[in-house]
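Asks: Sending over a structure as structure tokens; questions will come in a sec.
The values are calculated or read from the model by the stated rules, or taken from the named source; none is laboratory data. As the structure is a prediction and not an experimental result, all values here were calculated from the model. Glycine gets a Cβ as well: all are built from the backbone with ideal geometry, and neighbour counts include every protein chain shown. Heavy atoms of the whole protein, side chains included, go into the accessibility calculation; ligands, DNA and RNA do not. Shrake-Rupley method; radii C 1.70, N 1.55, O 1.52, S 1.80 Å.
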Amino acid sequence: MTRASAAATSPLHCELDHLVVTAPSLQEGSDYIEQLFGIRPQPGGEHPRMGTHNTLLQLDNGAYLEVIACNPEAPHPGYPRWFNMDDAEQMRSPRLTTWVCRTSIINELLLQLPGFFDSAEPMTRGDMRWLFALRQDGTLPYTGMAPTLIEWHTAPHPASRLAPSGCQLQALRIYHPLAQQLAEQIAPLQLPASIQCLALPEGQPAYLEASLLTPRGLVCLR
């Protein structure tokens, strides 16, 4: 049996890698997180291929939170940016836009999620290298409610390079009118029970909600 055919029939374990907060600017996004959590994300770096830059905050269990914005000093890449960041309405204010899961077999995993992504593309930030699942038009499956996928090719993991923040992710809730369908499609990823898909009435906009213990107590990030 080939690796691809095995992937099509076997459960594939993933781990939560990071939460993604998009913002009109890195300053505004970092200020937003600092006001909520009582701690400021630390400088990250630039993503040359996408014309974006970020700040980062360590969470528990090897995960982190990323604040990402378009880099005003970088040219537009000439194709849609990731995380649907060319959507002006989405970028009006900081928001929890999507979540990212890590795997060591990203291309096989794409076979388990038909229609979610077009390909896994190489990315860089400083000395870090990884593959990232993308759609050519820059949009996100289930408008960001489904996980995006990453395969790291650099060690150690970025979370281990960050200063302790005292922040712990308690739960990630995904609210969507097609919650049951989404849950069934991502079931092969074997994600933890703390990640839940919850139904909304038809016609209501989907959203993410993360509960975190922070220096300011329990915070709900949406």
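Asks: Hey, could you pull the Cα Rg and Dmax for segment 137-178, both in Å?
Replies: Taking only Cα atoms of segment 137-178, I get Rg and Dmax of 14.7, 38 Å.
Asks: Skip the ligands, DNA and RNA, and give the accessible area per residue of the chain with a 1.4 Å probe, whole Å².
Replies: So the chain comes to 46 Å² accessible per residue, rounded to a whole number.
Asks: Based on the Cβ-Cβ distance of Arg40 and Asp60, what FRET efficiency does E = 1/(1 + (r/R0)^6) give at R0 = 22 Å, to the nearest 0.05?
Replies: 0.75
Asks: Can you match Rg and Dmax of the Cα atoms in Å to one of these, [x] 15.7, 46; [y] 17.5, 55; [z] 16.7, 52, based on a calculation from the structure here?
Replies: [z]
Asks: What Kirkwood hydrodynamic radius, in Å, does segment 122-200 give when the mean of 1/r is taken over all pairs of distinct Cα atoms and then inverted?
Replies: Kirkwood hydrodynamic radius for segment 122-200: 15.0 Å.
Asks: Could you look at segment 38-185 and say what percent of its accessible area is carbon and sulfur, using a 1.4 Å probe and all protein chains?
Replies: 50 percent
Asks: Applying the Karplus parametrisation 6.51 cos²θ - 1.76 cosθ + 1.60 with θ = phi - 60° to the phi angles of segment 70-85, what ³J(HN,Hα) value in whole Hz is obtained for each residue in order, glycine and proline being reported as x?
Replies: For segment 70-85, the Karplus-derived couplings read 5, 7, x, 8, 10, x, 4, x, x, 8, x, 6, 5, 6, 6, 6 Hz, x marking Gly and Pro.
Asks: Please compute the length gained on full extension between Gln27 and Tyr207, using 0.36 nm multiplied by the number of residues separating them and subtracting their Cα-Cα distance.
Replies: Taking 0.36 nm per residue and subtracting the Cα distance, the gain is 62.5 nm.
Asks: Also, quick follow-up: Using the Cα centre of the chain as the reference point, and only Cβ charges (+1 on K/R, -1 on D/E), how large is the resulting charge dipole? Debye, rounded to the nearest 20.
Replies: In total the dipole reaches around 280 debye.
Asks: Calculate the length of the line joining the C-alpha centroid of segment 104-146 to that of segment 16-48, in whole Å.
Replies: 21 Å
Asks: Full extension from His13 to Gln190: what is 0.36 nm times the residue separation minus their Cα-Cα distance, to one decimal in nm?
Replies: Full extension of this stretch gives 63.2 nm more.
Asks: So what is the 222 nm mean residue ellipticity for the chain from helices alone, if each DSSP H run of at least 4 adds -39500 (n - 2.57) and you divide by all residues, rounding to the nearest 500 deg cm²/dmol?
Replies: -4000 deg cm²/dmol
Asks: Once the piece of chain linking Asn107 and His153 is laid out straight, how much longer is it, given 0.36 nm per residue of separation minus the C-alpha distance between them?
Replies: 15.2 nm
Asks: Find the relative contact order for the chain and round it to a whole percent, using C-alpha pairs within less than 8 Å whose residues are 6+ positions apart.
Replies: Relative contact order comes out at 23 percent.
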